[in-house]
Amino acid sequence: MSHQPGSQQQPAPAATTARAPSPSPAMRAEVLAGLARVHKTLPCKLFYDRRGSELFERICELPEYYLTRTELQIMALALAAIAERLGPRVRLVEFGSGSSRKTRLLLAQLDQPTVYVPVDIAGSALAAAVATLQALFPRLPMVPLCADYLAEFALPPAPPGTARTVCYFPGSTVGNLTAAEAVAFLRRVHAIVGAGGRMLIGVDLRKDIGLLLPAYNDAAGVTAAFNINLLRRVNDELGADFDLDGFEHRAVWNGSDGRIEMQLISRRRQIVRIAGITVPFGAGEVVTTEFSHKYTLAGFAELATSAGFAVAEVWTDSQQWFSVQLLQPRS
């Protein structure tokens, strides 16, 4: 029995969303620490302010960006099997809600879910996603949490009658993490779901770089705008003076580490001031803003095993470009 609007007896309480975190000393410290490295970095989680979230949704519609449409195709074909494997009365915890297109498909198929808990660092995008979903599923309780899901955060208690917790991590966001970061994150998820829980996760797979590179360097320049927007956010929130025209976007394939690397390249020698600190950039100097690791099925299974999970089932498209994987704690 699927969960459709009106399938439960009582309307859910109105969802409330905590305010997005204001600029903090932690953000300042993280930005300055990354730019102080020999190989400069900026944290990819800063992509997702309001403007960045809007740009990412545009990226997902681009012809070059195979990831979203391929995952949607997989979900559409496998939904019944996925819902059966997850079982009834689940507490669904989602990391990074985005537009929630995949989530609405899943919620519509689940049997009597007890609560939906989306966790996202982008407060405005989270509020918009929950408003859309609450209109579609008015009787399903929703408890949005504005938090960094890669850090420690507290979940509300599961409602009475919940059979298990399922953590949902769609997209290919796990690929943004190094192997050590991914294992640490999956271990935290392992603790959240407990012995009887499950994790449903999207994992992008290795493929020809002729398909990979255009997905991160589209002809319309939307990904470039998305990348540059990170500098605008640092300007706005940390009082920096990045010249947005002084940097250009680049995406490259790092074959030895099996990942796309998103970069910002300084067009000239320049000095940027951030919160009273001066940061020099050389002409052509690289600032890495994001990794996007691409896995083999065996490689991701090994990673999951390191975090205490076993791969229970894998769904892929016919070309094996992308996978949706069901993880369960190892006995």
Original post:
Among (1) over 24 Å from the mean Cα position of the chain (by Cα); (2) surrounded by fewer than 16 Cβ atoms within 10 Å (Cβ to Cβ); (3) not charged (D, E, K, R), which single condition is Gly255 missing?
Top reply: (1)
Original post:
Restricting attention to region 107-122, does a residue exist that is modelled with pLDDT under 95 and out of contact with any Ser or Thr (no Cβ under 9 Å at 6 or more places or on another chain)?
Top reply: yes
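So which residues in region 46-72 are part of a helix (DSSP H, G or I), in contact (Cβ under 8 Å) with a residue 12 or more places away in the chain and over 14 Å from Gly171 (Cβ atoms)?
Leu46, Arg50, Arg51, Gly52, Leu55, Arg58
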**OP:** Check Leu212 against each of (1) in contact with a Leu (Cβ under 7 Å, 6 or more places away or on another chain); (2) buried (at least 18 other Cβ atoms within 10 Å of the Cβ); (3) more than 18 Å from Glu285 (Cα to Cα); (4) hydrophobic (A, V, I, L, M, F, W, C) and name the one condition it does not meet.
**Re:** (1)
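Which residue out of Ala180, Ala224 is without any contact (Cβ under 8 Å) to a residue 40 or more places away in the chain, touching a His at 6+ places or on another chain (Cβ under 6 Å) and of a type in the set (Gly, Ala, Ser)?
Details: Ala180 fails: touching a His at 6+ places or on another chain (Cβ under 6 Å).
Answer to the selection: Ala224.
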**OP:** Go through the residues of region 152-168 one by one and say whether even a single one is buried (at least 18 other Cβ atoms within 10 Å of the Cβ), in a helix (DSSP H, G or I) and of a type outside the set (Gly, Ala, Ser).
**Re:** no
Original post:
Of the residues that sit in region 41-97 and are under 27 Å from Thr162 (Cβ atoms), modelled with pLDDT of 95 or more and not hydrophobic (A, V, I, L, M, F, W, C), which one is nearest to the chain's Cα centre (by Cα)?
Top reply: Glu94
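The values are calculated or read from the model by the stated rules, or taken from the named source; none is laboratory data. Note that the structure is a prediction, hence the values are computed from the model and not measured. In this analysis, Cβ positions are derived from the backbone assuming ideal geometry, glycine residues included, and neighbour counts consider all displayed protein chains.
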